[in-house]
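To start, the structure itself, in structure tokens.
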């Protein structure tokens, strides 16, 4: 069977697309990019692709994934990948695309990753030496963390 089936579901503000079948440029693979484009136009820019049931992805399917990533990125969004099969992982690594996508094996971690950002302070704070910078993880709403300067 050469079709790609897409099931859409929402978890918090993340749209999860459960994919099943083969990702190719012919047939429904263009439907994947069109689905992602429609989601982005609706303002749904946090997208997680569950690839656990994808049996094959060709180079044209990779092109569609990259195009979808660009479409989401142009609107400040992000596409992340979940549950890559061994074949999928090998294809993405061989195509040198593993740096383009965040890849997760756990849905909870993938969803949580959309709600965190790493901030880097470029201008040193007065209490820090000129060579120091501060890195902080911004936690999801409702979870707070306090940063306290350490005196050395």
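Some values worked out for this structure:
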| item | result |
| --- | --- |
| Total residues in the stretch 78-92, condition in a helix (DSSP H, G or I) and under 16 Å from the mean Cα position of the chain (by Cα) | 3 |
| Number of positions in the stretch 6-22 that are farther than 19 Å from residue 105 by Cβ, at pLDDT below 95 and surrounded by 15 or more Cβ atoms within 10 Å (Cβ to Cβ) | 3 |
| Any hit, the stretch 59-66, residues being modelled with pLDDT under 90 and part of a loop (DSSP other than H, G, I, E, B) | no |
| Residue match in the stretch 44-57 (condition: out of contact with any helix residue (DSSP H, G or I) (no Cβ under 9 Å at 6 or more places or on another chain) and either in a loop (DSSP other than H, G, I, E, B) or modelled with pLDDT under 90 (or both)) | no |
| Hits in the stretch 84-108 (condition: out of contact with any helix residue (DSSP H, G or I) (no Cβ under 8 Å at 6 or more places or on another chain) and closer than 19 Å to residue 4 by Cβ) | 85, 87, 88, 89 |
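The values are calculated or read from the model by the stated rules, or taken from the named source; none is laboratory data. These numbers come from a predicted model, not from an experiment. Cβ atoms come from the backbone with ideal geometry, glycine included; neighbour counts cover every protein chain shown.
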